[in-house]
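Everything on this sheet refers to the single structure shown next.
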Amino acid sequence: MRIVEEIDRWLLACLLVAILLVGVVGTSFASDIGDDPVQLAQFSGRAAEESADFDDFDDEYADSENLVADPLKYWNMTWFYLNDGLYHGFFKPVAKGYAWAVPPQPRIWVRNFFTNMLFPVRFINNILTGKLDAAYMETSKFVVNTSIGFLGFGDVTAGRPRNWEPERPTADGMGQTLGKAGMGHGIYLVWPFVGPSSIRESVGWVSDAYMDPLTYGDLSFIEFGAIRVYKNVNTLSLQLKGNEYEALTEGAIDKYAAVRDAYIRYRAKKVEE
């Protein structure tokens, strides 16, 4: 329980700050973006054209009401370019070396394990969003993969008949749940090492952390962080070809605006699911 004691204070602080920002600045900035042509130009739709991953977005997501205010742009840009530098200068080379040293199948097993472990996040948010079919299927998959799949390392439900998949996409976190409840983004934020977010998504991220079983392990803060870094490097090692981030930013005139626009569009799409 050491990790809970060490991170409880800063998680709670982040949550309180985020809630305050939602109430104080979120509404005022959200109303400003609609009539300002300069701001609307900043939030153009070019990111969706530059990434195949966002080609299926409907025209409705190009409306200004689905964009986000960015009053902390210089703060956000600082962390964006730091994160971008870390990605290209550290995480991607490490992931390449890891992929060279470790065959694909063990890396897939590791990814399966972490995905299975996050069952509580998906289950609780499915219940909160009324996706009872998805909650049932997530429970079935968790039970089978944890038992027959050896703690989730094996995804034995993959490739099964269609009744193993819910009719609607499963909820991915509290940020989506808050969006479906009608909460707006507030303002756009970029966090160091975490990446693009918003006030709403930051509140959701903190809430999801309390549903993550890893949070309650007997780990120090450094051990907790090391596991998270390893998880992300392992995931990246499986996405080196056709990488979404690189497809989005490669050749973009403004990488920062491209990622911001695509992220907000993606979250709008998730809320509508």
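The values are calculated or read from the model by the stated rules, or taken from the named source; none is laboratory data. Please read these numbers as outputs of a predicted model, since none were measured by experiment. Don't worry about glycine lacking a Cβ; one is built from the backbone with ideal geometry, like all the others, and counts go over all protein chains shown.
For the stretch 188-210, check the following and say yes or no: at least one residue is exposed (fewer than 15 other Cβ atoms within 10 Å of the Cβ), modelled with pLDDT under 90, of a type outside the set (A, V, I, L, M, F, W, C) and in contact with a helix residue (DSSP H, G or I) (Cβ under 7 Å, 6 or more places away or on another chain). No: zero hits. Quick one: is D261 surrounded by 14 or more Cβ atoms within 10 Å (Cβ to Cβ), acidic (D, E) and out of contact with any helix residue (DSSP H, G or I) (no Cβ under 8 Å at 6 or more places or on another chain)? Against the criterion (surrounded by 14 or more Cβ atoms within 10 Å (Cβ to Cβ), acidic (D, E) and out of contact with any helix residue (DSSP H, G or I) (no Cβ under 8 Å at 6 or more places or on another chain)), D261 does not qualify. Can Y256 be described as surrounded by 15 or more Cβ atoms within 10 Å (Cβ to Cβ), in contact with a Phe, Trp or Tyr (Cβ under 6 Å, 6 or more places away or on another chain) and either among the charged types (D, E, K, R) or part of a helix (DSSP H, G or I) (or both)? So Y256 fits the description; yes.
Taking (1) assigned to a helix (DSSP H, G or I); (2) buried (at least 18 other Cβ atoms within 10 Å of the Cβ); (3) modelled with pLDDT under 90 in turn, E65 satisfies each apart from (2).
Within the stretch 79-109, how many residues are under 19 Å from R228 (Cβ atoms) and touching a strand residue (DSSP E or B) at 6+ places or on another chain (Cβ under 8 Å)? Qualifying residue count for the region: 2.
In this structure, does D155 turn out to be of a type outside the set (V, I, T) and either in contact with a helix residue (DSSP H, G or I) (Cβ under 7 Å, 6 or more places away or on another chain) or assigned to a loop (DSSP other than H, G, I, E, B) (or both)? So D155 passes the test.
Can you name every residue in the stretch 103-131 that is over 19 Å from the mean Cα position of the chain (by Cα), of a type outside the set (G, A, S) and not in a helix (DSSP H, G or I)? Within the stretch 103-131, P103, K131 qualify.
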